[in-house]
Amino acid sequence: MRTQQRITVLGAGGRAGSAITRRVLGEGHRVTALVRSGARHPWLEGSGVTVVEGDATDPADVARAVTDADAVINAVTPFSAPPASFDGFDESFYERVIGAILAGIRSSAVRIVTVGLSADLWLPDGRVVADDPELFPPALLPFARAHARERLALEAVSPMPDWLIVVPPAGLSAEVQSDGYVLAEPVFSDAALSYGSLAVADEAVRPTRRGSVLALPCTQG
C-alpha cells in the first residue's frame with residue numbers, strides 16, 4: 001500500500017498542471033493547488049483539492065501552499081500561448097518561482113519537480129535546441145532563457161535541495177494518445193506525448209533521479 005503524500009502543484013489550472021494534478025489525485029495523495037483564481041478552476045475543489053489563490057512568484061503566497069508539502073511540482077507558465085511580443089517580459093520569472101518555493105518549503109529534503117522546456121535540450125552536434133532557428137523560433141528566445149535560469153537557481157542553493165527538472169518533448173499535446181514514457185538524458189526528441197502521460201507526478205511521489213535535467217520521450221505512440 002502506498003503512503004499518502006502531501007503534494008503541492010503550482011499552476012494546477014493549466015494544461016500540464018491539471019493533468020499532473022489529476023494523476024496525483026488518482027493515486028490517492030493529498031493535493032494543494034496554487035492558482036491565481038480558484039473560481040476559474042472549480043473542478044479543483046470539486047475533486048477534493050485544497051485551493052490556495054496567489055502568485056507563484058510571491059514568496060508569501062507560495063509559502064501558504066508549500067509549507068506542509070512532501071513534494072512540490074512546478075507547472076507554472078506566465079501565459080497559456082506565446083505572446084505577440086516579449087517586450088517587457090521578465091526573464092527572471094521562473095527563477096523567482098524557484099526562489100519562492102525554496103523560501104517556503106520546510107527543509108531541503110522536500111522534493112521539487114519542475115516542468116522544463118525542450119529549448120534547453122541538447123542536439124547531437126553539441127548545441128541546444130534554442131540555438132537552432134528551425135527547431136525553436138528566435139522570437140521565443142526570451143522564454144527559453146527564462147526557463148534556463150531555473151536550474152541555475154536550484155544549483156546555487158546550499159545545501160542542495162532535492163530537485164529534478166523534467167522536460168517534455170516539443171510534441172506535447174492534449175490530442176496525442178501515448179501510453180508510456182521513459183526518462184532519458186537531456187537530448188532532444190521529436191516524439192509526441194500526451195499531457196496525461198507526463199511523468200512529473202510520478203517523479204514527485206516516487207523519485208528515481210535527483211539533481212539533474214531529464215528528457216521525457218514517449219515509448220509508445
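The values are calculated or read from the model by the stated rules, or taken from the named source; none is laboratory data. Model, not experiment: these values are computed from the prediction. All accessible areas refer to the heavy atoms of the entire protein, side chains included, with ligands and DNA or RNA removed. Shrake-Rupley method; radii C 1.70, N 1.55, O 1.52, S 1.80 Å.
If the elastic network links every pair of Cα atoms under 10 Å, which of 53, 134, 45 fluctuates the most in the Gaussian network model of the chain?
134
What 222 nm value per residue comes from the helices of the chain, counting each DSSP H run with n ≥ 4 as -39,500 (n - 2.57) and dividing by all residues, nearest 500 deg cm²/dmol?
Counting only the DSSP helices, I get -7500 deg cm²/dmol.
How far is helix 93-104 tilted off the main Cα axis of the chain, in degrees rounded to 10, range 0 to 90?
30 degrees
Ignoring ligands, DNA and RNA, what percent of the 1.4 Å accessible area of the chain is carbon and sulfur?
Heavy-atom surface of the chain belonging to carbon and sulfur, 1.4 Å probe: 51 percent.
Mind checking which of 13, 211, 48 has the largest fluctuation in a GNM of the chain, springs on alpha carbons under 10 Å?
48
Starting from the amide H of residue 110, placed 1.01 Å from N in the peptide plane, find each other amide H under 5 Å away whose residue is 5 or more places distant or on another chain.
Residues meeting the criterion, in which the H sits 1.01 Å from N, are 162.
Could you give P(r) for segment 30-70, binned at 5 Å from zero, as whole percent values over all Cα-Cα pairs?
6, 27, 32, 22, 12, 1
Through the Karplus equation 6.51 cos²θ - 1.76 cosθ + 1.60, θ set to phi - 60°, convert the phi angles of segment 110-118 into ³J(HN,Hα) values in whole Hz; use x for Gly and Pro.
Along segment 110-118, the couplings run 5, 6, 10, 10, 10, 7, x, 10, 5 Hz.
For the chain, set up a GNM with springs between Cα atoms under 10 Å and report which of 102, 141, 154 has the largest fluctuation.
It is 141.
When all alpha-carbon pairs of segment 1-120 are counted, what percent fall beyond 23 Å?
27 percent
Which value, in Å², gives the accessible area per residue of segment 6-214 when a 1.4 Å probe is used on the protein heavy atoms?
Each residue of segment 6-214 exposes 45 Å² on average to a 1.4 Å probe.
Please state the relative contact order of segment 86-141 as a whole percent: Cα pairs under 8 Å, 6+ residues apart?
Over segment 86-141, the number comes to 22 percent.
Taking only the alpha-carbon positions of segment 58-132 and ignoring solvent, what does the Debye formula give for the base-10 log of I(q)/I(0) at q = 0.20 Å⁻¹?
The Debye formula, applied to the Cα set alone, gives -0.95.
How big is the Rg/Rh ratio for segment 6-214, C-alpha atoms only, Rh by Kirkwood, two decimals?
Ratio of gyration radius to Kirkwood radius for segment 6-214: 0.94.
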